[in-house]
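Accompanying notes for the structure given below.
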Amino acid sequence: MVLYIIGLGLGDEKDVTIKGFEAIKKSSKIYLEAYTSLLGGSTSIEALEKFYEKKIIIADREMVESGCEEMLKESTENDVSFLVVGDPFGATTHTDLVIRAKELSIPVKVIHNASIMNAIGCCGLQLYSYGQTISMVFFTETTKPDSWYDRVKINRVNGMHTLCLLDIKVKEQSIENMCRGRLIYEPPRFMTVNQCIEQLLEIEEIRKEKVYDQDTLCIGLSRVGQDDQQIISGTMKELLDVDFGAPLHSFIICGDMHFIEKEYFETFRVKKN
Ligand SMILES: C[S@@+](CC[C@H](N)C(=O)[O-])C[C@H]1O[C@@H](n2cnc3c(N)ncnc32)[C@H](O)[C@@H]1O
């Protein structure tokens, strides 16, 4: 029997490929990885279930990171589909799951789809000219992780663009609820372009290595691949107050731009009052 790992793309329930759809149809159980990305705003689990005519089981972080025992056991007897928004190996790599399945001699078939890692090409910067992608996590009162700053520095020194993927917090417990063992979860949070810029500038202020500043050119994107996607370019200062609307958001710190990249950049330039 086969464990299908299927990318759903970035839009809605209809972005699944025909191959993916066929695999879902013949699977006895369908799991949806629901903590590293999000389909289009109005795409609910119910919409997926209606379109695929199948019941969907939510695979949260706990389940995936604790080994997916039940799902793998099921795959030894029947075809099972594990759905991932975007591409299964785009940004979040589900390699642990593949290794576990291989250890149990379960055949795995991966069905790819669009990922933010390639759809980001819609802003006109050449995919070949990006350096390392960074993940920007929410700062807290006590922690401000900044290891990404060194990677942005390398990218900037080498004239490369930096894609910043922004934090998603779902099914998080408050410290108090965790300590008391209460399974009460905080509302989901998705980092905005504005929060990302604030954190970037805060760390530049602390590190002072002149990696970028508020006049650095950048691009904010939201809901890429969906009908209401937004792409807005400008300086960090200019984008700080722009409302990019509903999640998900991504951010790019531009490196050196070819003249065609510059021309394209200007077509998305923030409107000044
Ligand atoms: C772990 S990554 C995405 C992994 C996903 N499997 C993929 O291939 O696209 C999640 C982050 O990518 C970015 N992202 C994903 N989809 C997006 C979209 N449609 N528009 C803008 N940003 C997106 C957001 O910053 C989000 O927090």
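Checking I5 against (1) within 16 Å of the ligand (Cβ to nearest atom); (2) modelled with pLDDT of 95 or more; (3) in contact with a helix residue (DSSP H, G or I) (Cβ under 6 Å, 6 or more places away or on another chain), which test does it fail?
With respect to (1) within 16 Å of the ligand (Cβ to nearest atom); (2) modelled with pLDDT of 95 or more; (3) in contact with a helix residue (DSSP H, G or I) (Cβ under 6 Å, 6 or more places away or on another chain), I5 is out only on (3).
Counting only residues that are over 19 Å from H249 (Cα atoms) and among the hydroxyl-bearing types (S, T, Y), how many does the stretch 123-142 have?
Residues meeting the conditions: 4.
Kindly indicate which of Y128, Y35 is within 16 Å of the ligand (Cβ to nearest atom) and among the hydroxyl-bearing types (S, T, Y). Spell out how you get there, then give the answer.
On the way: Y128 fails: within 16 Å of the ligand (Cβ to nearest atom).
Matching residue, one of Y128, Y35: Y35.
Considering (1) in a helix (DSSP H, G or I); (2) surrounded by 14 or more Cβ atoms within 10 Å (Cβ to Cβ), say which one C218 fails and leave the rest.
Condition not satisfied by C218: (1).
Could you tell me how many of the residues in the stretch 64-93 are part of a loop (DSSP other than H, G, I, E, B), within 16 Å of the ligand (Cβ to nearest atom) and crowded, with 21+ Cβ neighbours inside 10 Å?
Of all residues in the stretch 64-93, those part of a loop (DSSP other than H, G, I, E, B) come to 66-68, 76-79, 85, 87-93.
Adding the requirement that they be within 16 Å of the ligand (Cβ to nearest atom) leaves 85, 87-93.
Okay, now just the ones that are also crowded, with 21+ Cβ neighbours inside 10 Å, so 85, 87-88, 90.
So the answer is 4.
Exactly one of (1) surrounded by 13 or more Cβ atoms within 10 Å (Cβ to Cβ); (2) farther than 16 Å from P247 by Cβ; (3) without any contact (Cβ under 8 Å) to a residue 24 or more places away in the chain is unmet by E172. Its number?
So E172 meets the others, but not (2).
Could you grab me the full set of residues in the stretch 112-132 that are surrounded by fewer than 19 Cβ atoms within 10 Å (Cβ to Cβ) and either under 19 Å from the mean Cα position of the chain (by Cα) or within 22 Å of S37 (Cα to Cα) (or both)? Write out each step before concluding.
Applying the first criterion (surrounded by fewer than 19 Cβ atoms within 10 Å (Cβ to Cβ)) to the stretch 112-132 yields 112, 117-118, 121-122, 126-130, 132.
Passing the criteria: H112, M117, N118, G121, C122, L127, Y130, Q132.
The values are calculated or read from the model by the stated rules, or taken from the named source; none is laboratory data. This one's a predicted model, so the numbers in the text were calculated from it and none came from an experiment. Glycine gets a Cβ as well: all are built from the backbone with ideal geometry, and neighbour counts include every protein chain shown.
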